[in-house]
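Working notes, beginning with the structure itself.
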Amino acid sequence: MVEVEVKIRLEDPAAIEQTLLRLGASLVKARFLESNTLYDFASRALTERQCALRLRRAGRKAFLTFKGAPQKSRRFKVREEFETEIKNEKALRHILRSLRLSPVFEYEKFRTVYQKGRLKICVDETAIGYFLELEGERNEIMKFVRALGFQRHDLIKKDYVELLSERKAAS
């Protein structure tokens, strides 16, 4: 599957959440904690290829996700993504260690999920602030961005690993 997404930094998340509902988005999942761990080989082969292998925990559920290298796009983060739910996280961690994969980056965020048609809308609370993440078809994303009152220059293609790493390097 190809994932198309973009982020927008939020100054007033409460106001945006009211606007989302006014624009017809439906609340899918109220605020919950997500813990994310990225894995790589000692050689950093995945990082060098701009790929990611992520283990995500949300409540009692765990998911393993592979993300391919970003494809060329001026406005959006576009990449291949494959995800599966994990029934036995302990066994998965053992498999990853056996493959010589180690945790290389960890972060948490609180997420609230909305849906409007096929557009997935997330309000994320991270260590570096609040973000709106829109995932879906390019034209649907841009239509919704404009309906929210944002412009092209507000769009962020970077993922949270990049944003968090930049903040850490600047400190």
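No value in this document is a laboratory result; all are computed from the given coordinates. Since we're looking at a predicted model, the values are computed, not measured. Note that we place each Cβ from the backbone using ideal geometry, even for glycine, and neighbour counts take in every protein chain shown.
The table below lists the values:
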{"read-out": "Gain in span if fully extended, I128 to E34, counting 0.36 nm per residue against the direct Cα distance", "value": "32.3 nm"}
{"read-out": "Listed peptides 34-42, 82-90, 14-22 by packing density, highest first (mean Cβ within 10 Å)", "value": "34-42, 14-22, 82-90"}
{"read-out": "More than 28 Å apart - percent of Cα-Cα pairs taken over the chain", "value": "24"}
{"read-out": "Helix 160-170 vs. the chain, principal-axis angle (Cα, 0 to 90°, nearest 10)", "value": "80"}
{"read-out": "Residues in the stretch 11-34 reached by a label modelled at Q115 [backbone nitrogen below 16 Å; 7 Å Cα→Cβ]", "value": "21, 24-31"}
{"read-out": "Nitroxide proxy distance, nm - points 7 Å out along Cα→Cβ at E85 and E48", "value": "3.7"}
{"read-out": "C-alpha long axis of helix 89-98 to longest principal axis of the chain, angle in °", "value": "50"}
{"read-out": "Inter-label distance for E108 and K143, nm, one decimal - labels placed 7 Å from Cα along Cα-to-Cβ", "value": "3.8"}
{"read-out": "Close Lys-Lys pairs in the stretch 78-153, where close means Cα under 27 Å and separation is 8 or more or interchain", "value": "7"}
{"read-out": "Euclidean distance of C-alpha centroids, the stretch 109-124 and the stretch 1-64, integer Å", "value": "9"}
{"read-out": "Three-way shape label, the stretch 29-112, alpha-carbon gyration tensor, a/c 1.5", "value": "oblate"}
